[in-house]
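Below you'll find the structure, written out as structure tokens, and then a few comments.
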Amino acid sequence: MLNLPSLVANFPLINPSLLACDFTRLGDEIRDAEIAGAKILHLDIMDAHFVPNLSFGIPVVEAIRRSTDLPLDVHLMLDEPWRYIKPFRLAGADMLTVHIEVLPDPRWTLETIHRSGAAAGLAINPPTPVEMLLPFVCECDIVLTMSVMPGFGGQKFDAVALEKLKAIRKAAGKETLLSVDGGVNEKTIAQCASAGANTFVAGTAFFGVIDRKKRMTELYDASKSNDFLKR
Ligand code: DX5
Ligand code: ZN
């Protein structure tokens, strides 16, 4: 079972997104993230329906599970994600995050994730009004605020995420992982932290450089160079 308090104790969390790694060397890339100091890994699952792209699925999550003890934060960019909670949980997901845009009954879906033994999260896309998500924030272990339209790595950060982060921060508990995903780098990360994020998904910014340890430190330091986390 995921030890959420130990993650919370490590805020701010830099969360490498494996979508940007070299898949021909997946095990080595995971090891590199561990050596760089990652406390969590972000896995992007795409279905070519909810998002216009495909990534990887259950056998790859199983392989990742075998190669690391780090908590696996699995971002389900899927229509009807409730159908895949159990398979991804059995594959080794510790946290399952589903999109509010596709949920007829968010509370039931969060409960179903919790019953599976995983931590539960809701994600929200840039154009979706934050009011859609706010009633369920208290039931989330993680809230994932998208700062790009999901489906592809390497996109430009959309500052529309900042207002959402501020609103979600007010509604969330201090231990909630308030995560931001898309275009997060050493330049955009500080404003996300100021807006209340404590968890930062970094794909290109992390795996796109040779020296991942140095980049991890840069991201970590930049995320702390604001007032919010010092309070
Ligand atoms: C986008 C994914 C992101 C992606 C982020 O659909 O949800 O997690 O991997 O990649 P970067 O950090 O390159 O924007
Ligand atoms: Zn993601």
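Starting from the Cα gyration tensor of region 12-86, take the square roots of the eigenvalues, sort them a ≥ b ≥ c, and report rounded, prolate or oblate (rounded when a/c is under 1.5, otherwise prolate if a/b is larger than b/c, else oblate).
Note, shape of region 12-86 comes out prolate.
What FRET efficiency do you get for residue 79 and residue 160 if R0 is 25 Å and r is their Cβ-Cβ distance, rounded to the nearest 0.05?
That pair, residue 79 with residue 160, gives E of 0.60.
Which net charge results for the neighbourhood of residue 57, defined as the other residues with beta-carbon distances under 12 angstrom from its beta-carbon, given Lys and Arg at +1 and Asp and Glu at -1?
Net charge in that neighbourhood comes out at -3.
I need two numbers for the chain: Rg to one decimal and Dmax as a whole number, Cα atoms only, in Å.
Rg, Dmax (Cα atoms, Å): 15.8, 43.
What FRET efficiency would be calculated for the residue pair residue 53, residue 9, taking the C-beta separation as r and a Förster radius of 25 Å, to the nearest 0.05?
0.10
How much net charge surrounds residue 126 when only other residues with a Cβ under 14 Å from its Cβ are counted (Lys, Arg +1; Asp, Glu -1)?
Within the 14 Å Cβ shell, the charges total -2.
Local charge sum around residue 206 (other residues, Cβ-Cβ under 9 Å, Lys/Arg +1, Asp/Glu -1)?
That sum, taken over residues with Cβ under 9 Å, equals +2.
Dipole of region 4-230, Cα-centred, from +1 at each Lys and Arg C-beta and -1 at each Asp and Glu C-beta, to the nearest 20 debye?
About 420 debye.
Report the charge-dipole magnitude of region 1-85 in Debye, nearest 20, computed about the Cα centre from +1 at each Lys and Arg Cβ and -1 at each Asp and Glu Cβ.
200
Assuming 0.36 nm per residue, please report the length gained on full extension of the stretch residue 25 to residue 63 beyond their Cα-Cα distance.
Working it through step by step, the gained length comes to 12.5 nm.
Any chance you could check the Cα centroid distance between region 75-111 and region 155-222 for me, in angstrom?
For region 75-111 versus region 155-222, the Cα centre distance is 22 Å.
Since every read-out is calculated from the coordinates, none of them should be taken as a lab result. Remember, predicted model here, so these are calculated numbers, not experimental data. Backbone-built Cβ (ideal geometry, glycine too); neighbour counts: all protein chains shown.
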